[in-house]
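A.B. asks: Can you read through this structure? Questions will come right after.
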Amino acid sequence: MWQQYEIGVVNNADIYSEPDTTSEIIYVIKESSEVLVDMLESTGMFFKIVTAFGAEGFCLRNFVTLKFS
């Protein structure tokens, strides 16, 4: 069954305010971190993520590994 949210792992990535690399970088993940991925809000190039600290933004898909449930 399809779920809106998946767990992912992000490595060394910038987190943007919008799904665009010219938007503001609001957070930087420097080491491997588990995040919540909102599949409905994600785009072709970006995943919408929420970190364990509550930071919310967009990360390029190639920096995220999904852990499908």
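The numbers here are math on the coordinates, done by the rules we state, and not lab data. Model, not experiment: these values are computed from the prediction. Please note: Cβ atoms are built from the backbone with ideal geometry, for glycine as well, and neighbour counts cover all protein chains shown.
A.B. asks: Using a basic spin-label model with each label point 7 Å from the Cα along Cα→Cβ, how many nm lie between L40 and R61?
C.D. replies: Roughly 2.0 nm, to one decimal.
A.B. asks: Let me ask another. If we count every other residue with Cβ under 15 angstrom of Q4's Cβ, Lys/Arg +1 and Asp/Glu -1, where does the sum land?
C.D. replies: Values: positive: K48; negative: E6, D38, E41, E56.
Result for the local shell: -3.
A.B. asks: Among the chymotrypsin sites (Phe, Trp or Tyr not before Pro) in the chain, which ones are in a DSSP loop with at most 10 other Cβ atoms within 10 Å of the Cβ? Mind listing them? Walk me through the numbers before you get to the answer.
C.D. replies: Numbers: sites: W2, Y5, Y16, Y27, F46, F47, F53, F58, F63, F68; in loops: W2, F53, F68.
Passing both the DSSP loop test and the Cβ count: W2, F53, F68.
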